[in-house]
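Every number here is computed from the coordinates shown, using simple stated rules; none is lab data. Predicted model only: the values in this text are computed from it and were never measured. All Cβ positions, even for glycine, are placed from backbone atoms using ideal geometry, and neighbour counts span all protein chains on display.
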Amino acid sequence: MAALDYVALAQPGLRSLRAYDPGLDLVALRRGFAGGVLVELGSNENSHGPSPAARAAILDCLHSLHRYPDPSGGDLKRALAACHGVDPASIILGNGSHELLMLMGQVFAGPGRGVVSSQYGFAVYALSALAAGAPWTPAAARPVDDPMPRGHDLGAIRAAVGADTALVFLANPNNPTGTWFSTAELADFLASLPANVLVVVDEAYLEYVTDPALTSAIPLLARFPNLAVTRTFSKGYGLAGLRVGCLLADPGLVAVLERVRESFNVNLPGLAACEAALADRVHLDWVRRQNAIEREALADALAARGLAVSPSQTNFLLVDFGRDAAPVEAGLVARGVVPRPMAGYGLPTCLRLTVGLRDENRRLLQALDEVLG
């Protein structure tokens, strides 16, 4: 039998789609540096790790691994509802927020029902649109010389919304730029949109925010029924290995998403650990403070080396080297420091650097001096 053309057999929206690119092969790099130290600064993981209470909760549930987890995640939903002041019916859980972003496209976008996001927004927004066969419109980002270089231009995004737009994705703060806009600006943007255009505000990095002008969009849910907010336990809570996220929205929107949510999509240790982590505000506040200190110090050190560093309210920095960054990336990796290349985002002169522990940041700067020197 002749070989099948599986691309031709796929639905039209998937034929030109590229899989999500997680960056360098970290598993292979870890093996290669088994005898040395590998500083992993490419995935925006929480360098401080999760709450001790989350670790204890994982160990406590190991005796039940032969049982399915709660299919609705009721205890975690109730804990989230109490934390954010919403009804548990307003919450859907996901295998990370990635799954929920994809679900929004699957359910609400499609042929003739377009998606708008920023030019330098998270790559999954385009994947969500294209996988659903929906037209995707990237709105121009802010210019490089703007106070928020390459950040979301809410005016441009609003202008890109047309009669066929079903869904808008916003990240606040934004990945991969680290930039942000105020909650007041978001409210004005939402008020300007037609009521039938759904807006997803991705708050994956909200726990790292220190600017008082940026607060969660969750309190705006009562005012704007077309708003949905996604959060994750992968970043500030340090539980990336468990893959747990949530989406908060009007109960009616959540009920529609539940129709296509995969059964048992959040595992047993994930449910237990996230509930425990949510209750440990002391650890989360400590992580936020430590990150803010190291973020400022690392940004200052990079700027002192003549590099352009975008302002950030996250646990990473976008650094522009003013030339092709691929040789810089290769030089860092050869020295055991892993950044995130940005060419796939249309930023070939940039690298994204996670804010690590103090010693990790020192190793980064030492390796960078050797590469640039």
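Results, tabulated for the structure shown:
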{"read-out": "Residue check for G356: touching a residue at least 12 places away in the same chain (Cβ under 8 Å), of a type outside the set (A, V, I, L, M, F, W, C) and closer than 13 Å to F316 by Cα", "value": "yes"}
{"read-out": "Residues that are within 29 Å of Q106 (Cβ to Cβ) and acidic (D, E), drawn from region 198-219", "value": "D202, E203, E207"}
{"read-out": "Selected residue (only one of L351, L347 is touching a residue at least 12 places away in the same chain (Cβ under 8 Å), assigned to a loop (DSSP other than H, G, I, E, B), within 20 Å of the chain's Cα centre (by Cα) and surrounded by 14 or more Cβ atoms within 10 Å (Cβ to Cβ))", "value": "L347"}
{"read-out": "Top-ranked residue of region 164-198 - restricted to ones that are among the small types (G, A, S) and outside any helix (DSSP H, G or I), ranked as farthest from the chain's Cα centre (by Cα)", "value": "A195"}
{"read-out": "Total residues in region 224-259, condition of a type in the set (D, E, K, R) and part of a helix (DSSP H, G or I)", "value": "1"}
{"read-out": "Residue selected from region 203-215 under the condition closer than 16 Å to L278 by Cα and not in a helix (DSSP H, G or I), by the criterion nearest to the chain's Cα centre (by Cα)", "value": "A204"}
{"read-out": "D60 vs. criteria among the acidic types (D, E), over 23 Å from Y205 (Cβ atoms) and surrounded by fewer than 14 Cβ atoms within 10 Å (Cβ to Cβ)", "value": "yes"}
{"read-out": "Single residue of region 132-156 satisfying the filter (not hydroxyl-bearing (S, T, Y) and not in a loop (DSSP other than H, G, I, E, B)) that is farthest from P311 (Cα to Cα)", "value": "W136"}
{"read-out": "Subset of region 162-186 [of a type in the set (A, V, I, L, M) and either buried (at least 20 other Cβ atoms within 10 Å of the Cβ) or touching a helix residue (DSSP H, G or I) at 6+ places or on another chain (Cβ under 6 Å) (or both)]", "value": "A166, L167, V168, L170, A171, L186"}
{"read-out": "Scan of region 303-323 for residues that are buried (at least 17 other Cβ atoms within 10 Å of the Cβ), touching a residue at least 24 places away in the same chain (Cβ under 8 Å) and not charged (D, E, K, R), ordered by number", "value": "S310, P311, S312, Q313, T314, N315, F316, L317, L318, V319, F321"}
{"read-out": "Filter result for L268 (closer than 22 Å to E99 by Cα and either in contact (Cβ under 8 Å) with a residue 60 or more places away in the chain or in contact with a strand residue (DSSP E or B) (Cβ under 7 Å, 6 or more places away or on another chain) (or both))", "value": "yes"}
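Results for (1) closer than 30 Å to L332 by Cβ; (2) acidic (D, E); (3) surrounded by 18 or more Cβ atoms within 10 Å (Cβ to Cβ), shown as yes or no for each residue.
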site: G32; (1), (2), (3): yes, no, no
site: R55; (1), (2), (3): no, no, no
site: L80; (1), (2), (3): no, no, yes
site: G85; (1), (2), (3): no, no, no
site: G96; (1), (2), (3): yes, no, yes
site: G112; (1), (2), (3): no, no, no
site: S117; (1), (2), (3): yes, no, yes
